[in-house]
Structure formats: C-alpha cells, structure tokens
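Q: This is the structure I want to talk about, given as structure tokens.
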Amino acid sequence: MKISREVKTAILAILGIVLFIFGFSYLKGNNLLEDSITLYTKYDNVEGLKPSTPVTVNGYAIGKVLDIYFEDENSGILIVEMSIDTKFKFSKNSKSELFQNGFIGGKAIQILPAYDNAPPVESGDYLISETKEGVMELVNERLTPLQEKIEKVMSETDTLLVGFNNTFDAKAQADLKNSIASLNATVNSFNATAKSLNGLIDTNKSKLDNTLSNFEKTSVNLSTMTDKMAQVDIASTVQELQATIKKFDDVIASVENGQGSIGKLLKDEKLYTNLSGASKQMEELLEDMKLNPKRYVHFSLFGKKPKRYDAEGNEIETKK
C-alpha cells in the first residue's frame, strides 16, 4: 500500500505538534509520561518561590512547583500549583511548608505528611500551608532588638559626652591632665621602689632563707609542743585541781567554824586572852632579867655558894 504525500505530511505535522506539546510541558516542569496528581496550597507571600522548584519530603524530591498565581484580582493571596508523584501516599491533613532551601538557595516547599485515618489526597486538593523562618529571618529577628539597644546606648553615650564636655571646662581639663601626670609620676616612683626592694631582696636572699628556715623550725617545734599539750589529760588535771580547791575550801570553812587548833586559836577569845597575858608576863620577865640579872644568874668561880635575893632584889642573908 502506497502512502500518499498528504498522509505523510499529516503524520509529520501531528508528530511535530505532539513533540511540541511534550517539550513545552517538560520545559514548564510537567512530564506527561509520569503518573502524578496536582495539589494546591495558598500563601500570603511566597518570598521568591519560583516554578519548577522541587517539592520534597524529608529532603527527597517527590514533585515540583508547576505555577504560582493570584487567587483573584481583588486579593493578594497566592496559589501555588504543585505536581506530586502518586507513588507517595499521604492524607489530606498533610501540610505544605515554605522554607529556605539553604543559606542562599532561595525558597522551596516541603510536604509534612500526615499518616492518620483521614482519606488520602486526591488531585485538586488544597493542603494546609505553613511558613518556616529561614536563617536570615532568625538573624534579623535577633539583630533587631540588639540594634535598638546599640542605638539607645550610642544615644546615651553621646548625651554623656556632651554633659562631660559641658561640665569640664578648660581649667578642669587642665587639672585633670595634671592629676594624670601626677599619677604617672607616682606610678614611676612605685616602680623605682619596687626595683629597689627587689635589689634588697636579692642582696639579703641568704639571710631571708635562713630566717624562713628558722621560722619553719620554730613552726615545727610549736606544732610538736601543741601535739604534746594535746596529749596531756587536761580533764583529769582539772578534776584534781578542783578536788584540791575543794579541800582547801573545807579547811578554810573549818577554821571559820573554830574547828582545829588554828580555828580555836582564831575563834577562842579565852585562849587569845591567856596568850595575851602570857605574852605580857614574858615581856615583864625579860624586862626584869635585863634590870636585875643577879636574881636569875648565880655562879662563883671559887666554889662559893650563890647569894639569894628576894623579889625586890635585896640580898637574903644565909645562916651560918
């Protein structure tokens, strides 16, 4: 069977149209050979999302963005049309999240699948939309309060400097410079003193070493003495001292009560009177012995009998 030129031309034209449609769809991100469904979601701001951007689940691409357009002329709501591979199943309660794909990679969409008892998604369904803050948004969110604080601090610093300039006139500034100069001189003096002190220490290092060694020996001796004192039975010593004091108190009490020889001597008035009288008589006897020694001492070198005297000192004649 011979095919006419017209049929060949028609077949080529049809093939050309099919290839054109397939190529145009492929360039738009639609692969006519893949089994996919079309899903939609709404955003107030897509933040630079572009068609043909991959749609992912846990980082794995399961589709792509087909188109982005306004919901109507009087609304700023944007509708994002997505082509999703039917091999991946999830319910209608799943969410589409707009996020930043890398630090400078632009925006992309990821599906947050829900595995519940809800019916699975079908072509034409709208997913719940969410927006995840990117790195730049987080940085801006953190830097904005910090910027405000820095601006406030700078303003307060400027006010402080203006007040400082107004407070310190030329004379006050000159005095402040002189004070700083004096402080520098004082610091230099301290440095010189420190150098002298270092030299003195270096010169007398051996003496200081000996002093420290002696101090260490003294510390050791003191520690040994302290240990020995700690070993002494202080409690028993105190008890013995208390017992001795109690005995002494008992002796004092017995003396106060007139008991014993000392107590009677101190408390017995009759004994005191007798002792006083005896003392007085002894005194008179000694006085008389001084005045009349012959009454009490009688001796003779030649064997003569001693003379006798009466109480008045008169010689008593002896009978022959």
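Q: Please pick out the residue among Ala185, Ala192, Ala172, Ala181 that is in a helix (DSSP H, G or I), among the aliphatic types (A, V, I, L, M), over 36 Å from the mean Cα position of the chain (by Cα) and at pLDDT below 80.
A: Ala172
Q: Scanning region 62-93 for residues that are of a type in the set (A, V, I, L, M, F, W, C) and in a loop (DSSP other than H, G, I, E, B), which turns out farthest from Ser123 (Cα to Cα)?
A: Per the stated criteria, the residue is Ile77.
The values are calculated or read from the model by the stated rules, or taken from the named source; none is laboratory data. Note that this is a predicted model, so its numbers are computed, not measured.
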